[in-house]
1. Quick one: if you stick a label point 7 Å off each Cα along the C-beta vector at ASP73 and LEU100, how many nm between them?
2. Once you compute Rg and the Kirkwood Rh from C-alpha atoms, what is the Rg to Rh ratio for segment 71-113?
3. If you build the convex hull over the alpha carbons only and average its shadow over all orientations, what do you get for segment 1-113? Give it in nm² to one decimal.
4. Based on DSSP loop calls and a cut-off of at most 14 other Cβ atoms within 10 Å, the longest stretch of the chain free of exposed trypsin sites (Lys or Arg not before Pro) is what?
5. Would you work out the Kirkwood radius for segment 49-95? I mean one over the mean of 1/r across all pairs of different Cα atoms, in Å.
6. With charges only on Cβ, +1 for K and R and -1 for D and E, what is the dipole size of segment 124-178 about its Cα centre, in debye, rounded to 20?
7. At a Cα cut-off below 27 Å, give the lysines reachable from LYS37, other chains included and same-chain residues fewer than 8 away excluded.
8. Need the full-extension length gain, ILE152 to HIS6, defined as separation in residues times 0.36 nm minus the C-alpha distance. One decimal, nm.
Amino acid sequence: MKYFAHETAVIDNGCQIGEGTKIWHFSHIMPNCTIGKKCNIGQNVVVSPDVIIGNNVKVQNNVSIYTGVICEDDVFLGPSMVFTNVINPRSAVIRRGQYLKTVVKKGASIGANATIVCGNDIGEYAFIGAGAVVTKEIKPYALVVGNPSKQIGWVSEYGHRLNFDSNGIAICPETKDEYLFIDNKVSKKNT
């Protein structure tokens, strides 16, 4: 076994788990999941059947990742954040097989206690603030907060707020990388 699983973790058949991944106390990895390399799956996490998780994904305690969710590389899922997978759940109505797909793109972070309503993709390096309720697609590098969530700015790949000058250029204070703001979209300038 090239990954670590705490003795209280349950890992069902058909899962693929990458080298260097750690799965902690009382977590349940359900059938046919794919979890990449060097991931950290916190305590009391449920990964539902057929979920795909990329490399270096950090899943904090008490998160349920439901069928239909795909997390690309370098995603951060904060403590007790929530995904949904059915837009109109009813106890008496069986909607298995009608799960909506939600993709969390490379490098995105979702804060503690945030809720992602299914079918709304999260763009690359987007930052979802703690407690936000996401009800629509989120652009790459967007900073969103609130209920319902509202975009209040842009962030760098290192999670710093970007302040664009009159030429549409912003510099990350940590890395000094340049970002461009063109046509209401942010991109990292190729260096």
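Coordinate-derived values only; no laboratory data. These numbers come from a predicted model, not from an experiment. Glycine gets a Cβ as well: all are built from the backbone with ideal geometry, and neighbour counts include every protein chain shown.
1. Output for this residue pair reads 2.9 nm.
2. 1.08
3. Mean projected area for segment 1-113: 6.7 nm², to one decimal.
4. Within the chain, the longest run free of exposed trypsin sites (Lys or Arg not before Pro) spans 3-94.
5. 11.9 Å
6. Details: 5 positive and 7 negative charges, 62 e Å.
Rounded to the nearest 20 debye, it is 300 debye.
7. LYS2, LYS22, LYS58, LYS101, LYS105, LYS106, LYS139, LYS188
8. 48.6 nm
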